[in-house]
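Asker: The structure's right below; bear with me while I get my questions together.
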Amino acid sequence: MSNYVISISREFGSGGRLIGKQLAARLGIPCYDRTLILKTAEKSGLSPDFIARAEERARSRFHMSIAPIGIGAPTMSSHGIPVSHQAFFAQSDVIRELADQGPCVIVGRCSDYVLGDRDNCLKVFIHADLASRVRRCVEEYHIPQDDMERRVVQMDRGRANYYNYYTGHNWGEMRRYDLTLNSSITGINGAVEMIAQLVRLRSAQLDQAPTQ
């Protein structure tokens, strides 16, 4: 499993981004999160600010009542396709290219769906209880606790809307992941250790698999 990729999906405030960064540092591989916006901008010709704003609008605009488009095509066309969709296509291409280049950790961006058909992709979902997520957001982002619970729930709804719309699947559905972790129980370090153990286990399994 020399070219393994770990895709980390996460609830808002669960510490998923920090877990991804610490895991990548421990394994000695790159971690891609917000840097994907810059790489997508380079590929699509769209500005990073536009891509970021389009993503935020998509999170607030898409609702469960809208039929999902479930797009996963590896190519991008600018003819007759909304610019927001072009950005998603380009981002998906970037994720595939990074996965082809070598081992890495990719946080969010529907990467579990984009790379879902690859044996060398480990899909992880990080969740936590609401109280600990609110507490983390207050401490990490220095936002007053007033109304923070509503904002956390709202952010999760946006992530779910975005994911469900573009993939045609349900965000956070347990069976779509190789490992789900409650960071309220494991803590950051415990989550990193468990994922690293899974990487070693999966690497050994693939190394022992007979070649076709």
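Asker: Give the number of residues within the range 132-151 that are touching a residue at least 40 places away in the same chain (Cβ under 8 Å), of a type in the set (D, E, K, R) and in contact with a helix residue (DSSP H, G or I) (Cβ under 7 Å, 6 or more places away or on another chain).
Answerer: The number of residues fulfilling the criteria is 1.
Asker: Something else about it: Would you confirm whether or not the range 138-145 contains a residue that is in a loop (DSSP other than H, G, I, E, B) and closer than 24 Å to R53 by Cβ? Full working, then the answer.
Answerer: Initial filter on the range 138-145 (in a loop (DSSP other than H, G, I, E, B)): 142-145.
Going one step further and asking which of them are closer than 24 Å to R53 by Cβ, we end up with 142-143.
Yes: one or more hits.
Asker: Restricting to the range 18-42, name every residue that is surrounded by fewer than 19 Cβ atoms within 10 Å (Cβ to Cβ) and over 14 Å from V94 (Cβ atoms).
Answerer: Just the residues of the range 18-42 that are surrounded by fewer than 19 Cβ atoms within 10 Å (Cβ to Cβ), to begin with: 18, 21, 25-26, 28-30, 33-35, 38-39, 42.
Within the range 18-42, L18, K21, A25, R26, G28, I29 meet the criteria.
Asker: Return the residues of the range 151-167 that are touching a Lys or Arg at 6+ places or on another chain (Cβ under 7 Å) and either open to solvent by 30 Å² or more (accessible area, probe 1.4 Å) or among the charged types (D, E, K, R) (or both); say none if nothing qualifies.
Answerer: The first filter runs over the range 151-167 and keeps only residues touching a Lys or Arg at 6+ places or on another chain (Cβ under 7 Å), leaving 152, 158-159, 161-162.
Hit for the range 151-167 is R159, nothing else.
Asker: Name the residues in the range 114-132 that are touching a strand residue (DSSP E or B) at 6+ places or on another chain (Cβ under 9 Å) and open to solvent by 20 Å² or more (accessible area, probe 1.4 Å), would you?
Answerer: Keep residues of the range 114-132 that are touching a strand residue (DSSP E or B) at 6+ places or on another chain (Cβ under 9 Å), which gives 114-116, 118, 120-129.
The answer is G116, R118, N120, K123, H127, D129.
Asker: So, G190, is that one part of a helix (DSSP H, G or I), in contact with a strand residue (DSSP E or B) (Cβ under 9 Å, 6 or more places away or on another chain) and either open to solvent by less than 40 Å² (accessible area, probe 1.4 Å) or not small (G, A, S) (or both) or not? Spell out how you get there, then give the answer.
Answerer: Numbers: part of a helix (DSSP H, G or I): yes; in contact with a strand residue (DSSP E or B) (Cβ under 9 Å, 6 or more places away or on another chain): yes; either open to solvent by less than 40 Å² (accessible area, probe 1.4 Å) or not small (G, A, S) (or both): yes.
Yes.
Asker: Okay, next question. Evaluate the following for L198: is it open to solvent by less than 50 Å² (accessible area, probe 1.4 Å) and not in a helix (DSSP H, G or I)? Full working, then the answer.
Answerer: Details: open to solvent by less than 50 Å² (accessible area, probe 1.4 Å): yes; not in a helix (DSSP H, G or I): no.
So L198 does not fit the description; no.
Asker: Next up: For the range 1-54, give me each residue that is touching a residue at least 12 places away in the same chain (Cβ under 8 Å), closer than 18 Å to D100 by Cα and hydroxyl-bearing (S, T, Y).
Answerer: Scanning the range 1-54 gives S2, Y4, S7, Y32, T40.
Asker: Let me ask you something else. What pairs can you find where one residue is in the range 185-210 and touching a residue at least 12 places away in the same chain (Cβ under 8 Å), the other is aromatic (F, W, Y), and their Cβ atoms are less than 8 Å apart, with a gap of 6+ or different chains?
Answerer: V199/Y4; R202/Y4; S203/Y4
Asker: Tell me, yes or no, whether the range 100-110 has at least one residue that is open to solvent by 50 Å² or more (accessible area, probe 1.4 Å), modelled with pLDDT of 95 or more and aliphatic (A, V, I, L, M).
Answerer: No, that holds for no residue.
Asker: Using the structure shown, decide if R109 is touching a Leu at 6+ places or on another chain (Cβ under 6 Å) and not small (G, A, S). Walk me through how you get there before you give the answer.
Answerer: On the way: touching a Leu at 6+ places or on another chain (Cβ under 6 Å): yes; not small (G, A, S): yes.
Judged against the criteria, R109 is a match.
The values are calculated or read from the model by the stated rules, or taken from the named source; none is laboratory data. These numbers come from a predicted model, not from an experiment. Cβ atoms come from the backbone with ideal geometry, glycine included; neighbour counts cover every protein chain shown. In case anyone asks, the SASA skips ligands and DNA or RNA and just uses the protein heavy atoms, side chains included. Shrake-Rupley method; radii C 1.70, N 1.55, O 1.52, S 1.80 Å.
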